[in-house]
Structure formats: C-alpha cells, structure tokens
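The values are calculated or read from the model by the stated rules, or taken from the named source; none is laboratory data. Remember, it's a predicted structure, so these values are computed and weren't measured experimentally. Heads up, the Cβs are rebuilt from the backbone with ideal geometry, glycines too, and the neighbour counts pull from every protein chain shown.
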Amino acid sequence: MTLASVPLAWIVGAAAIVLLLALGFGYPAWRRYRARRALLERIEAVATAHLQDVLLPDGNDGWFHVDFLLLTGVGIVVIDLRDLPGLIFGSEPMTEWTVMHKHHRSTFPNPLGPLYDRVAVVRMLAGEGIPVEGKVVFTDRGTFPKGHPRAVTRLGSLTTELPPLGSFGSEAVLSRMGPAWDKVCAAASPSPLKRR
C-alpha cells in the first residue's frame with residue numbers, strides 16, 4: 001500500500017486526531033506555563049535584580065536551597081514560595097502548620113525556622129550594614145483566616161510590603177547594596193531542587 005492509494009478521508013481523519021491530541025495535551029501545558037510565568041512576573045516586579053532556585057553555602061560544607069533572592073529598595077529579600085490551596089493556620093511557635101482544603105486536612109512543618117537559616121546565610125554573605133529579610137510567600141490560592149506571622153505574606157500583598165526600587169528614587173540604595181548583591185550572586189549556584 002502506498003500513500004497515493006490511501007483514501008484522502010483517512011489522511012484527513014488521522015491529521016484531525018493528531019491535532020486533537022496535540023491540543024488536548026498542549027493546551028493544559030500552555031495554561032500551566034502562563035500561570036507560572038504570571039506568578040514569576042509578580043515576584044520579579046518588586047526587585048531590581050533577582051536570582052531564582054539557587055544553592056547558597058551554609059558555612060558548614062552544606063547548602064541551602066533558596067527559591068528567590070531579590071534586590072529591593074529595602075535590602076536583599078529571601079523568598080520561600082509556597083503554593084498551598086485552602087485555609088492555612090500557623091504561628092511562630094507552632095512546629096506544624098495546618099492546611100484545610102475542601103474535605104482534606106494536612107499539616108506541614110513550620111516554614112519559618114528554615115527561612116531564618118537562609119536569611120542568616122545571606123546576611124553572612126552580604127556583610128555588615130546590608131539589610132536582609134526573609135518572607136514566606138504563599139500564592140493567593142491560600143488564605144489565613146486567623147492571621148499570620150510578620151515574616152509570612154501572600155503574593156497579592158508582596159508589592160505593598162516590598163515597593164519596587166524605582167519608588168525610592170535613589171541611586172544611593174543601589175550603590176550601597178550593589179557590591180553586597182554581587183557577593184551573594186558569586187556564592188550562588190544553580191539548584192536542582194526546584195519545588196514548583
């Protein structure tokens with residue numbers, strides 16, 4: 001059987017099936033890509049420079065994975081990004097936090113201790129006089145009905161808590177923090193531990 005002897009309807013039908021399969025698998029992947037890109041743009045909007053998914057040396061021959069490092073008008077900010085849908089309950093002293101989504105309840109370790117460790121490493125790398133803070137940022141799919149610790153925020157609040165550097169209008173901020181940012185960047189290496 002040659003291609004010329006195959007009925008045109010079969011060829012058109014096969015092409016339609018291939019197209020439908022491509023759309024069936026491609027469209028959801030495209031939507032996930034667009035959603036992720038929008039999320040990243042919201043985080044990057046508050047920074048004049050950023051690093052994503054990097055490893056930083058902990059000073060004891062180990063490494064810490066960092067989701068985002070941002071150079072902002074308030075200093076260097078360490079971001080631990082979490083995407084948990086539902087109601088989130090947690091506080092500073094609790095060892096485990098709870099998430100309730102639909103009829104499912106689960107717990108996860110308090111993210112603040114690891115965040116403070118990452119902030120300490122960045123402070124060590126940046127040097128004296130450079131403000132370094134950390135934030136556990138939850139996407140807007142999660143809510144905190146009973147409030148949250150100061151070092152925790154939602155993605156929608158990030159731009160109000162960390163205004164873009166341009167709103168400060170000062171080159172002095174960049175000139176003061178630029179060398180420290182360069183030191184942190186030099187110590188960072190790509191991380192294979194992407195959590196998203």
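Brief remarks on what is shown
- Among the residues listed as 154, 141, 123, the single one being closer than 26 Å to residue 186 by Cα and of a type in the set (D, E, K, R): 123
- Among the residues making up segment 79-124, those that are over 21 Å from the mean Cα position of the chain (by Cα), farther than 24 Å from residue 36 by Cα and hydrophobic (A, V, I, L, M, F, W, C) are 94, 124.
- Taken as a whole, the structure leaves residue 69 outside the set of residues that are over 19 Å from residue 120 (Cβ atoms), touching a residue at least 12 places away in the same chain (Cβ under 8 Å) and not acidic (Asp, Glu).
- Within segment 147-161, one or more residues are outside any helix (DSSP H, G or I) and surrounded by fewer than 14 Cβ atoms within 10 Å (Cβ to Cβ).
- Qualifying residues in segment 162-181 (those that are under 21 Å from the mean Cα position of the chain (by Cα) and assigned to a helix (DSSP H, G or I)) - the one modelled with the highest pLDDT: 181
- Qualifying residue in segment 123-139 (condition: in contact with a Leu (Cβ under 6 Å, 6 or more places away or on another chain), at pLDDT 95 or above, in a strand (DSSP E or B) and farther than 30 Å from residue 183 by Cα): no
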